[in-house]
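Engineer: Starting off with a structure, shown below.
Quick note: the coordinates plus some simple rules give every number you see, no bench work behind them. Just so it is clear, the model here is predicted, and its values are computed rather than measured. With ideal geometry, Cβ positions are generated from the backbone for all residues, glycine too; neighbour counts draw on all protein chains shown.
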Amino acid sequence: MFKPTRIPDDSLTRVTVIGAGNVGGTLAQRLAEKNLADVVLLDVVQGKSQGMALDLTQARAIEQHDRSIIGTDKYEDTANSDVVVITAGVPRKPGMTREDLLRINASIVADVVPKAIAHSPNAVLIVVSNPLDVMTYLAWQVSGLPSHRVVGMAGVLDASRFQAFIALELGISIADITAMVMGGHGDLMVPLPRYSTVSGVPITELMDTEAIARLVERTRNGGAEIVKLMQTGSAYFAPASAAYVMVESILLNRRRIIPVAAYLQGEYGLRDLFMGVPVQLGHQGVDAVVELNLAADELAALHNSAKSVQENIDQLRPMGFLK
């Protein structure tokens, strides 16, 4: 009779996803079914993450992967994760801005991040919870991690939305489109048409200024448009895919140049805040911030976005979340 021997493989990568909502659950599915990493899905609601993990495990035979998917409400089960992704928080509802989420989601982030990092002190931390840039700053503060190992998922999603709208406008394959969006993950984000191209050709040479302005505005309101349509929820397929791209670049040390919310220490004339900028993202997190040669109006828009982010960070201090 065949008696298999189980040999622990310490080389396997592990990703913890905190929050088994739509974004967290979809990200767990992406990670496992693309065979990137074993997944621990944690949620405070008893049975939620366990049920989701069991459902995903039962799909393994069909999806043809052997990745482990664990559902839990205990932080000790997340130990030794290579990446920790924070998706926990209250989603936006119709009429609610990202800033409206500040107080309640700050309470959640301040609670879950130290618990997760205590069990995975060498992890890279990715924040998805909104308001994104502010929650990333708070997560860095309460985690005790060096700034390069804390990033927020913003620009990848915003750029993906810009790419989608460009493809729809021009009627071409999205595979030929790249886009760049910087700034805060909100209404003052800064899509950059000069740095958004179709097979290397800037979109400024392919469409008129009116069309570009319309696509830029739709990109800025990409999340709110979905909230309005869904009425009882918010986007999760695209956010999960955006987070997956970041996890993949970290785990595989691909060192992709992609826009994320990163800590700025003088780049673009900004300091002591997290905001969307292009970075080289590798095994240790942010290897380098890429400084684009921005025109005066682009830089002014970036600083205006940064001002909004800073105002929200300042709101955390009287609430007691920051010293």
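Engineer: Along the Cα→Cβ direction, 7 angstrom out, place labels at GLU225 and ILE174. What is the inter-label distance in nm?
Structural biologist: Distance between the two pseudo-spin positions: 1.2 nm.
Engineer: Let me know the whole percent of all Cα-Cα pairs from the range 46-204 that are separated by more than 24 Å. Intermediate results must be reported in sequence, preceding the final value.
Structural biologist: Working: 6423 of 12561 pairs.
Result: 51 percent of Cα pairs exceed 24 Å.
Engineer: How do ILE212, ILE257, ILE69, ILE126 rank when sorted from fewest to most other Cβ atoms within 10 Å of their own Cβ?
Structural biologist: Details: ILE212 18, ILE257 14, ILE69 24, ILE126 28.
The most exposed by this proxy come first: ILE257, ILE212, ILE69, ILE126.
Engineer: Between the range 215-239 and the range 191-214, how far is it from one alpha carbon centroid to the other, in angstrom?
Structural biologist: 21 Å
Engineer: For the range 119-140, list residues with backbone N below 13 Å from a point placed 7 Å from the Cα of LYS323 toward its Cβ?
Structural biologist: Flagged as within label range: none.
Engineer: For the range 13-91 and the range 260-289, what is the centre-to-centre distance using only Cα atoms, to the nearest Å?
Structural biologist: Spelled out, the Cα-based centre of one part sits 27 Å from the other.
Engineer: About the Cα centre, and with charges only on the beta carbon of Lys, Arg (+1) and Asp, Glu (-1), how big is the dipole of the range 14-152? Nearest 20 debye, please. The partial results should precede the final answer.
Structural biologist: Numbers: 13 positive and 14 negative charges, 43 e Å.
That gives the range 14-152 a dipole magnitude of about 200 debye.
Engineer: Name the residue from LEU215, VAL277, LEU292 whose Cα lies farthest towards the positive end of the charge dipole of the range 155-319, charges +1 on Cβ of Lys and Arg and -1 on Cβ of Asp and Glu.
Structural biologist: VAL277
Engineer: Considering only the chain, what is the antiparallel percent among its DSSP beta bridges, to the nearest 5?
Structural biologist: Roughly 50 percent of the beta bridges in the chain run antiparallel, per DSSP.
Engineer: Continuing with this model, one more query. Within straight cross-link reach of LYS3, meaning Cα distance under 12 Å, which aspartates and glutamates are found once same-chain residues fewer than 8 apart are removed?
Structural biologist: none
Engineer: What is the dipole size for the chain, taken about its Cα centre, with +1 at each Lys and Arg Cβ and -1 at each Asp and Glu Cβ, in debye to the nearest 20?
Structural biologist: On the way: 28 positive and 34 negative charges, 128 e Å.
Computed charge dipole of the chain: roughly 620 debye.
Engineer: Using +1 at the Cβ of each Lys and Arg and -1 at the Cβ of each Asp and Glu in the chain, identify which of ASN130, MET180, GLN50 lies farthest towards the dipole's positive end.
Structural biologist: GLN50
Engineer: Between LEU292 and SER147, what length in nm is gained on full extension when 0.36 nm per residue of separation is reduced by their alpha carbon distance?
Structural biologist: On the way: separation 145, 0.36 × 145 = 52.20 nm, distance 2.08 nm.
My answer for the length gained is 50.1 nm.
Engineer: Explain nothing, just the number: dipole magnitude of the range 264-323 about its Cα centre with +1 on each Lys and Arg Cβ and -1 on each Asp and Glu Cβ, in debye rounded to the nearest 20. Mind dumping the intermediate values first?
Structural biologist: Details: 4 positive and 8 negative charges, 62 e Å.
My answer is approximately 300 debye.
Engineer: Let me ask something else about it. Which residues does the label zone of ASP111 cover in the range 19-44, counting backbone N under 16 Å from a point 7 Å along Cα→Cβ?
Structural biologist: 19-21, 42-44
Engineer: With θ taken as phi - 60° and the coefficients 6.51, -1.76 and 1.60, list the Karplus ³J(HN,Hα) couplings across the range 154-160 in order, rounded to whole Hz; mark glycine and proline as x.
Structural biologist: Working through the residues one at a time gives 9, x, 4, 5, 4, 5, 5 Hz.
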